[in-house]
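All of the numbers you see were taken from the coordinates with simple rules; none came from a lab. Since we're looking at a predicted model, the values are computed, not measured. With ideal geometry, Cβ positions are generated from the backbone for all residues, glycine too; neighbour counts draw on all protein chains shown.
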Amino acid sequence: MKQWRRVGWPFVWGAWSILIVLQIILSFFLYKPGLPVLRNIGWITLAVSAVFGWLPILAFRKKGGVSKGKSYIQTTVLVDSGIYALVRHPQYMSGALINLALILITQHGLIATIGVVAVVLNYFITLKADQELIEKFGDDYKRYMQKVPRMNFLAGLIRLAGRRNRASKRMC
């Protein structure tokens with residue numbers, strides 16, 4: 001993390017933003033029919049990314065203690081249910097899924113290279129976000145981090161099922 005401080009987070013954010021926009025634009029020009037199965041998986045991945053991109057807005061508005069007229073990201077309450085019971089950073093995960101989807105849809109080396117670099121930058125951004133959220137929510141967020149993975153929704157599903165299973169056994 002220290003090496004990124006020297007470069008500066010605004011640069012990392014800016015580079016990530018430029019890369020994802022560049023990847024989207026170039027995908028229109030570099031698209032050529034490739035393996036249909038990969039292309040179809042890419043389209044499904046893109047649809048899943050939309051779910052992980054939009055559900056957090058609804059969750060924060062409903063449960064995040066956002067003041068009327070404020071941005072949905074200005075939460076005052078730690079949200080750990082719904083989509084946030086699966087992954088800590090669903091919108092960042094959505095961005096990574098968009099990168100992956102475009103790689104699969106276009107099946108072009110340049111798109112893949114841009115996408116991989118964007119995913120790496122995205123990962124570093126989530127590390128910074130975790131630091132900021134620890135500062136904002138303290139030990140509650142640290143406990144949340146132990147229960148919910150950063151962006152791995154399959155691990156999140158497995159952990160959530162385990163938590164629910166343990167809770168149901170306690171009730172019996």
Degrees, to the nearest 10: 9-30 long Cα axis against longest axis of the chain:
50 degrees
Please give the helix 153-171 orientation as an angle from the longest Cα principal axis of the chain, in degrees from 0 to 90, rounded to the nearest 10.
20 degrees
Please turn the phi angles of the stretch 51-62 into ³J(HN,Hα) values with the Karplus equation 6.51 cos²θ - 1.76 cosθ + 1.60 (θ = phi - 60°), one per residue in order, whole Hz, x for glycine and proline.
4, 6, x, 9, 4, x, 4, 5, 5, 5, 4, 7
Order by neighbour count: Met145, Met151, Met93, fewest other Cβ atoms within 10 Å first, most last.
Met145, Met151, Met93
Looking at (i) -0.64, -1.28, -1.34; (ii) -0.54, -1.27, -1.37; (iii) -0.49, -1.27, -1.40, which value of log10 I(q)/I(0) by the Debye sum over Cα atoms at q = 0.12, 0.19, 0.20 Å⁻¹ comes from a calculation on the structure shown?
(i)
Among the listed pairs Lys62/Lys136; Lys63/Lys136; Lys63/Lys147; Lys68/Lys136; Lys68/Lys147; Lys68/Lys128, which have their C-alpha atoms separated by more than 22 angstrom in this model?
Lys68/Lys147; Lys68/Lys128
In deg cm²/dmol, rounded to the nearest 500, the helical mean residue ellipticity at 222 nm of the chain, built from -39500 (n - 2.57) for every DSSP H run of length 4 or more, is -25500 deg cm²/dmol
